[in-house]
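Some notes on the structure that comes next.
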Amino acid sequence: MKFFVDTADVNDIRELNDYGFLDGVTTNPSLIMKAGRPMLEVIKEICEVVKGPVSAEVTATEYAEMMREADILSKLGDNIAIKVPLTLDGLKACKALTGDGRMVNVTLCFSANQALLAAKAGATFISPFIGRLDDINIDGMQLIADIRTIYDNYDFKTEILAASIRSANHVREAALIGADVATVPPAVLKDLVKHPLTDKGLSAFLADWAKTGQKIG
Ligand code: E4P
């Protein structure tokens, strides 16, 4: 499973990139607002830090304007994935952009049928939002499982990018189902390393090591 970080905070991205488990970045207009910086400047900087796909979302809702924005965003780096919403105009833009060799992340997916349409439009990534479905008492993880089955049934190459992840458990479940990618907030990504027995074991080793009075080197 690939890990993308779901943030527009360049400091967090730099830190996570150094750990060696980061495969890409996703942003959205809300994350750009949170970062409090000009979008084009931030995305360009992110593309310089991370080599993998960096999703930058169009803000237009009509095809022609989406394509105009996509052209601007594409120039920010070779690794830009244009993010388009799961609407008819978004699907049309997806088809045109992927036909032109660009990566496209179709976002705001809340149903298996939507995911099927995105795959048919040639999407590079489909982003089903787990947490937002859970918020309205619909099983978000079941959507990931349904899409996995459908894509495998028809051999679609579109990668399932589990999004709106809220916990380490979401990551584990999405991985078990076979999501290709998880986009994860920085704090949750760092939570994945935690286990109380690791901390306890390390403390015990360090205490015993101190008793030996030795030093390495
Ligand atoms: C995905 O690309 C989205 O940016 C993100 O995962 C949305 O998550 P949220 O529901 O926590 O805002």
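The values are calculated or read from the model by the stated rules, or taken from the named source; none is laboratory data. Small disclaimer: the values here were computed from a predicted structure and weren't measured. Glycine gets a Cβ as well: all are built from the backbone with ideal geometry, and neighbour counts include every protein chain shown. Ligands, DNA and RNA are excluded from the accessible area calculation, which covers all protein heavy atoms including side chains. Shrake-Rupley method; radii C 1.70, N 1.55, O 1.52, S 1.80 Å.
Summary of values
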| quantity | calculated |
| --- | --- |
| Conditions (1) open to solvent by 20 Å² or more (accessible area, probe 1.4 Å); (2) within 20 Å of ILE126 (Cβ to Cβ); (3) within 13 Å of the ligand (Cβ to nearest atom); (4) of a type in the set (D, E, K, R); number of the one not met by LYS83 | (1) |
| Region 86-115, residues that are in contact with a helix residue (DSSP H, G or I) (Cβ under 8 Å, 6 or more places away or on another chain), open to solvent by 30 Å² or more (accessible area, probe 1.4 Å) and not hydrophobic (A, V, I, L, M, F, W, C) | ASP89, LYS92, ARG102, SER111 |
| The listed residue being open to solvent by less than 20 Å² (accessible area, probe 1.4 Å), in contact with a His (Cβ under 9 Å, 6 or more places away or on another chain), within 14 Å of the ligand (Cβ to nearest atom) and aliphatic (A, V, I, L, M), out of ALA174, ALA118, ALA162 | ALA162 |
| Number of the exception - LEU108 against (1) aliphatic (A, V, I, L, M); (2) away from the ligand (no atom under 14 Å from the Cβ); (3) without any contact (Cβ under 8 Å) to a residue 24 or more places away in the chain | (2) |
| Evaluation of TYR19 against (1) aromatic (Phe, Trp, Tyr); (2) away from the ligand (no atom under 12 Å from the Cβ); (3) crowded, with 16+ Cβ neighbours inside 10 Å (one fails), failing number | (3) |
| Cross-chain or 6+ apart pairs with Cβ under 8 Å, region 19-31 first and without any contact (Cβ under 8 Å) to a residue 24 or more places away in the chain, then among the small types (Gly, Ala, Ser) and more than 9 Å from the ligand (Cβ to nearest atom) | none |
| Number of the exception - LEU73 against (1) among the aliphatic types (A, V, I, L, M); (2) over 21 Å from PRO186 (Cα atoms); (3) more than 15 Å from the ligand (Cβ to nearest atom) | (3) |
| Out of PRO185, PRO196, sole residue that is of a type outside the set (Ser, Thr, Tyr), open to solvent by 20 Å² or more (accessible area, probe 1.4 Å) and touching a Ser or Thr at 6+ places or on another chain (Cβ under 7 Å) | PRO185 |
| Inter-residue pairs, beta-carbon under 7 Å, first outside any strand (DSSP E or B) and modelled with pLDDT of 95 or more and in region 73-89, second of a type in the set (Ser, Thr, Tyr) and within 15 Å of the ligand (Cβ to nearest atom), 6+ apart | LEU86/THR107 |
| Residues of region 121-154 classified as touching a Lys or Arg at 6+ places or on another chain (Cβ under 8 Å) and open to solvent by 10 Å² or more (accessible area, probe 1.4 Å), total | 3 |
